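**Q** Dumping the structure here so I can ask a few things about it.
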Amino acid sequence: EEEEAKLQNGGFLPCPAGGVPSGTALEEPLRSCRLRGEAERRGGAAAESPSPPRSPGGDADSRTCRDRAEPAALPPAPLGFTDVNLNSRNTYEVSRRRSAPEHLPHGGSAPAEPAPPPQEPADRARHRLGIAGAGSSFAEFFTRNFFTKRTKELKPAVQSAPGWKLFGKVPPRENLPKDSKIIQQEYEARTGRMYKPPPPSARRKNIEFEPLSTTALILEDRPANLPAKSVEEALRHRQEYDEMVAEAKKREIKEAHKRKKIMRERFKQEENIASAMVIWVNEILPNWEGMRATRKVRELWWQGLPPSVRGKVWSLAVGNELNITPELYEIFLSRAKERWKSFSETSSENDIEDAGASVADREASLELIKLDISRTFPSLYIFQKGGPYHDLLHSVLGAYTCYRPDVGYVQGMSFIAAVLILNLEEADAFIAFANLLNKPCQLAFFRVDHSMMLKYFAAFEVFFEENLPKLFLHFKSYSLTPDIYLIDWIFTLYSKSLPLDLACRVWDVFCRDGEEFLFRTGLGILRLYEDILLQMDFIHIAQFLTKLPEDITSEKLFSCIAAIQMQNSNKKWAQVFASLMKDKEGDKNHSPAPKS
């Protein structure tokens, strides 16, 4: 009966009524263990000295627990809190097994074995039930099992995060990923079927060309769970596959020929440049004045200057009519730096007014240079702040603004100066820049001389109507005047509208032929895109000519430029422009005098 009572009470004798205060089911196992520990200490103290009087209920409880304890020869276990193993059972599980021990499985894996028969010896039953002796610790209560089944030791967690229980962490269940071969073996063992791979002869062999990874799938057989292809369908798929391979081969061959053609043209161009460079260095440049106007040099000039001699030829072609020296450049550069320093220290308008009338207004445009430099060839990233040519471009433009305060800085100058800096040294770039802007056409545009600009536009329209009559009438129908697209081209000398290498080639012939070639290049661009422009309206034409396509090539453009004839009624550009200037003077002379 006592053994059955122990099993019903979780391995402990029931305590008398009144000895244990009423509490929740979770606290009762802990209270039983506490009472047993107190009884053991009282027994040890009673053997040494007489014990003080106790309450009747407490003495009965102590005697009952002492009679059921292990022999007193073992030392008493200290009462205290100890570390609880992660594998221990919490109080919630103890309470559940106490309420229904014969139905709950152990650890959630296997049902518990039935209790031992009542005729089993008390010591053995006590040992199987986990009743602790006097030397057991408080943690043994949690680590012992309450049932007779021998549990398996938990395996250590393998590369997995710990799980969670009600009152702490516990090792997670072992869940190792299975290999595909293991899964296949388990499936074969369970079903008794063996997987047989298809024979190698069934697969396609010796396929010479497969254009895409998914193209050849059309030749594959269907899976075993689908109906097989018929002979007609297989033949049709084979034909479709052969057609796709043939088309892919054609595209590949075409692209290969295109790449070879580009490489041949590039090699030929490099060879021409190398041979032309030898001629320019050894023959033309040493005898510049005597050979510059010869037919051989002009033809070689039309093909484009080698990059190694381009800057030198530009300097010689533009000339130095202003007699600017590098020392003069340093003087105006120091003046520009002083002006920038004064602008940074004080930016009040009174200081600018005190400096003078028109001179101060023009030199005040120095502040516009900083804003415009960052917009100069933004794709190159060399003229922006922090780039290698930012300060150099800033210095050249600032020195010119102080050198020509009557002109000052105008938007578009930064592109011209940037192209010169890429091909010349700093002082030489400034000298060429100043002399280039001193030409009549550039001076008229940068000083915004409206009457002169209108004469240039009128001369351009004369040759526009002569060379492209259909497009000229189309522009007239929309009232599209040349100033809408020519101003940006002339201000930047096409360095903003065309790719940089193509713009440099335009500059080559511009230095040879002068301002005439600027307007001839404009007509060549219109001729190149004539068919497209005839299909556009006013807005689209203006947008297209403001930003030209980037895929324009030098061969196509210069072939269209060569087709432009700069003659009208046996009059060349200079004669037409001179006649327009005479008409302008005649209009001034015949204009009525103002009434007084």
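**Q** Among (1) in a helix (DSSP H, G or I); (2) at pLDDT below 85; (3) exposed (fewer than 14 other Cβ atoms within 10 Å of the Cβ), there is one condition Trp340 misses while meeting the rest; what is its number?
**A** (3)
**Q** Checking the conditions here, which among Ile532, Ile525 is within 19 Å of Ser495 (Cβ to Cβ), in a helix (DSSP H, G or I) and assigned by the TED database to the domain that holds Pro469?
**A** Ile525
**Q** A further question on this structure: Keeping to region 362-400, report how many residues are among the polar types (S, T, N, Q) and touching a Lys or Arg at 6+ places or on another chain (Cβ under 7 Å).
**A** 1
**Q** Which one is modelled with the highest pLDDT among residues in region 373-393 that are open to solvent by less than 10 Å² (accessible area, probe 1.4 Å) and not aromatic (Phe, Trp, Tyr)? Break it down stepwise before answering.
**A** Quick first cut of region 373-393, residues open to solvent by less than 10 Å² (accessible area, probe 1.4 Å) only: 373, 376, 383, 393.
Of the ones still in play, those that are also not aromatic (Phe, Trp, Tyr) are 373, 376, 393.
Numbers: Ile373: 88, Thr376: 90, Leu393: 93.
Among those residues, the one meeting the criterion is Leu393.
**Q** Contact list please: Cβ distance under 6 Å, first residue in region 485-503 and closer than 15 Å to Ile561 by Cβ, second residue open to solvent by less than 10 Å² (accessible area, probe 1.4 Å) and aromatic (Phe, Trp, Tyr), pairs at least six apart or on different chains.
**A** Ser497/Trp489; Ala503/Tyr494
**Q** Sticking with this structure for a sec: Note down all Cβ pairs under 8 Å where the first residue falls in region 391-408 and is more than 17 Å from Ala432 (Cβ to Cβ), the second is of a type in the set (S, T, N, Q) and open to solvent by less than 20 Å² (accessible area, probe 1.4 Å), and they're at least six residues apart or on different chains.
**A** Close Cβ pairs (under 8 Å, with a partner that is of a type in the set (S, T, N, Q) and open to solvent by less than 20 Å² (accessible area, probe 1.4 Å)) amount to Gly408/Ser365; Gly408/Thr401.
**Q** Can you spot a residue in region 283-301 that is open to solvent by 60 Å² or more (accessible area, probe 1.4 Å), without any contact (Cβ under 8 Å) to a residue 60 or more places away in the chain and either closer than 30 Å to Cys402 by Cα or touching a Ser or Thr at 6+ places or on another chain (Cβ under 9 Å) (or both)?
**A** Checking region 283-301: not a single residue is open to solvent by 60 Å² or more (accessible area, probe 1.4 Å), without any contact (Cβ under 8 Å) to a residue 60 or more places away in the chain and either closer than 30 Å to Cys402 by Cα or touching a Ser or Thr at 6+ places or on another chain (Cβ under 9 Å) (or both).
**Q** Given the residues Val419, Val407, Val448, Val396, which is the only one that is open to solvent by less than 10 Å² (accessible area, probe 1.4 Å) and outside any helix (DSSP H, G or I)? Don't jump to the end; show me each part of the working.
**A** On the way: Val419 fails: outside any helix (DSSP H, G or I); Val448 fails: open to solvent by less than 10 Å² (accessible area, probe 1.4 Å); Val396 fails: outside any helix (DSSP H, G or I).
The unique qualifying residue is Val407.
Let's see how each residue does on (1) within 30 Å of Val396 (Cα to Cα); (2) modelled with pLDDT of 90 or more:
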position	(1), (2)
Ile253	no, yes
Ala256	no, yes
Lys260	no, yes
Ile284	yes, yes
Thr294	no, yes
Glu345	yes, no
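**Q** Testing Gln535 on (1) open to solvent by 80 Å² or more (accessible area, probe 1.4 Å); (2) within 37 Å of the chain's Cα centre (by Cα), one condition comes back false. Which one is that?
**A** (2)
The values are calculated or read from the model by the stated rules, or taken from the named source; none is laboratory data. Please read these numbers as outputs of a predicted model, since none were measured by experiment. Please note: Cβ atoms are built from the backbone with ideal geometry, for glycine as well, and neighbour counts cover all protein chains shown. Only protein heavy atoms, including side chains, enter the accessible area calculation; ligands, DNA and RNA are left aside. Shrake-Rupley method; radii C 1.70, N 1.55, O 1.52, S 1.80 Å.
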